[in-house]
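J.: The structure is given below, and queries will be raised subsequently.
Nothing in this text is a laboratory measurement; each read-out follows from the coordinates by a stated rule. No experiment lies behind these values; they were computed from the predicted model shown. Neighbour counts are summed over all protein chains in view; Cβ atoms, including those assigned to glycine, are modelled from backbone coordinates with ideal geometry.
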Amino acid sequence: MTTLTTAAGCPALDGPDARTAPATQVTAQGAAWLASASAHPGETLAAWEARPASPAALPCGTAFDVVNVPLVLGRRMLDLLWERGPGSGPAAVHRGRMLLFAAPGTAQRLPALLAWEEWGPAAPAPLCHGHGDAVTVPPLAAAPGPSRWLVAPDTRLPWLPGPDSLLWAFLHAVRGPVSIFGSAETPANVYDVSRRR
């Protein structure tokens, strides 16, 4: 088991499961969790059993929301979440984008938090998929193609990061770590507080 520490400003975990090493294969319990997002979970599972190498479209907003970012930025976010944060929920690559599965409600709250941070055009804001949206998820079986799981769902109730954790990871991935104490080359009294209210 890999133990991770929580970075300052990043919310602590509610349970220990998110601190274990990420799963690489979708389990039967993970597939059941994904299918629970659909209106007809049994039919969704049956379709996956018939075609395990096919991606599927699932609605957001009940079992999960999805934060969708460019691949390189998403990889930085995922690394930060696992190295210095609380870990991540399921995460996938689809057509050159990173899909970070998040707690329901994140799609509504994250843009408001970014607005509070006065987020500008330094990097494109994440696309947030919530209630009323759908996303394409990778196949359950690993297969070559534009979609794959980086952190596969492996439990019936996976831990999902909320908007605070994803905001922390996004800002640190784009800006890098910020210290109010300066560096050896910078006087200690020089720091930027323009983003705080």
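J.: For the range 123-177, treating each Cα as an identical point scatterer without solvent, what Debye log10 I(q)/I(0) comes out at q = 0.14, 0.25, 0.32 1/Å?
T.: -0.59, -1.18, -1.19
J.: Taking the simple approach of a point 7 Å from Cα along Cα-to-Cβ for both ALA47 and VAL72, what is their distance in nm?
T.: 3.5 nm
J.: Here is a further query. Over the Cα atoms, compute the radius of gyration (one decimal) and Dmax (the largest Cα-Cα distance, rounded to a whole number) for the range 36-175, in Å.
T.: Values for the range 36-175 (Cα only, Rg and Dmax): 14.8, 47 Å.
J.: Sticking with this one: So for the range 78-129, considering every pair of alpha-carbon atoms, how many percent are separated by more than 18 Å?
T.: Of all Cα-Cα distances in the range 78-129, 44 percent exceed 18 Å.
J.: Roughly how many whole Å is it from the C-alpha centroid of the range 59-79 to that of the range 127-167?
T.: Here the answer is 7 Å between Cα centres.
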